[in-house]
Structures are given as structure tokens and as C-alpha cells.
Amino acid sequence: MSSENDPNRFKVLAEKRTNKVIKDIKLIGNLSNKSNYSYTQSDANKIHAAIKKALDSMKSRFDAGGAGEEDNFVL
């Protein structure tokens, strides 16, 4: 069996990457502190929409079993 199809490799990478995303989402949430940052509700909505789009895209890729498009977020 090749290492590309090793279920343990998937598990290790999935856990590592998922935990990183969760940490990064928490860090983005820290930006909501109005004492430290100035932003508009429109800015917050754009961030939320970009994350939701990326999450929906990831889900579609799993449902389809293949690769998808990459987008970079710009505020």
C-alpha cells in the first residue's frame, strides 16, 4: 500500500490541519475587540462570508472526492 493512501496519514494530517484552522479562527475572533481594532460591520461580514465560502468549498470537495479552486481573501 502506498503512503498516499495510508489512512493513518490522513488522520494525522486531518487532525493537525483541523486544529490549526480552529486556532486561526479563534485568532480572527480576537479581531472583534473594539478596544484594539477598528472595523466596520461590512468588514466583519466580508470575513465571515470568505470563511463560509471556503468551508462550503471544502465540504463540496469532500462530497465530490476531488480538488477544487483556491481563493485568497482580500478585505
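Taking every residue in region 50-72 that is closer than 19 Å to ASN5 by Cα and pairing it with any residue that is at pLDDT 90 or above and open to solvent by 70 Å² or more (accessible area, probe 1.4 Å), at least 6 positions away or on another chain, the pairs with Cβ-Cβ distances below 9 Å are ALA67/ARG61.
Among the residues of this structure, SER57 does not count as one that is modelled with pLDDT of 95 or more and among the hydroxyl-bearing types (Ser, Thr, Tyr).
Note on region 1-25: residues that are open to solvent by 100 Å² or more (accessible area, probe 1.4 Å) and touching a helix residue (DSSP H, G or I) at 6+ places or on another chain (Cβ under 9 Å) total 1.
Does ILE28 satisfy the criteria of being under 19 Å from ASN72 (Cβ atoms) and either part of a loop (DSSP other than H, G, I, E, B) or open to solvent by less than 60 Å² (accessible area, probe 1.4 Å) (or both)? Here the answer is no, as ILE28 does not meet what is asked. As for region 16-28, it holds at least one residue that is polar (S, T, N, Q) and either modelled with pLDDT of 95 or more or in contact with a strand residue (DSSP E or B) (Cβ under 9 Å, 6 or more places away or on another chain) (or both).
Each residue in region 33-60 was checked for being over 14 Å from LEU75 (Cα atoms), among the hydroxyl-bearing types (Ser, Thr, Tyr) and either part of a loop (DSSP other than H, G, I, E, B) or open to solvent by 100 Å² or more (accessible area, probe 1.4 Å) (or both), and 2 pass.
The values are calculated or read from the model by the stated rules, or taken from the named source; none is laboratory data. Being a predicted model, the structure only gives us computed values, none of them experimental. FYI the Cβ positions are ideal-geometry reconstructions off the backbone, even for glycines, and counts take in every protein chain you see. Note: areas computed on protein heavy atoms with side chains; ligands, DNA, RNA excluded. Shrake-Rupley method; radii C 1.70, N 1.55, O 1.52, S 1.80 Å.
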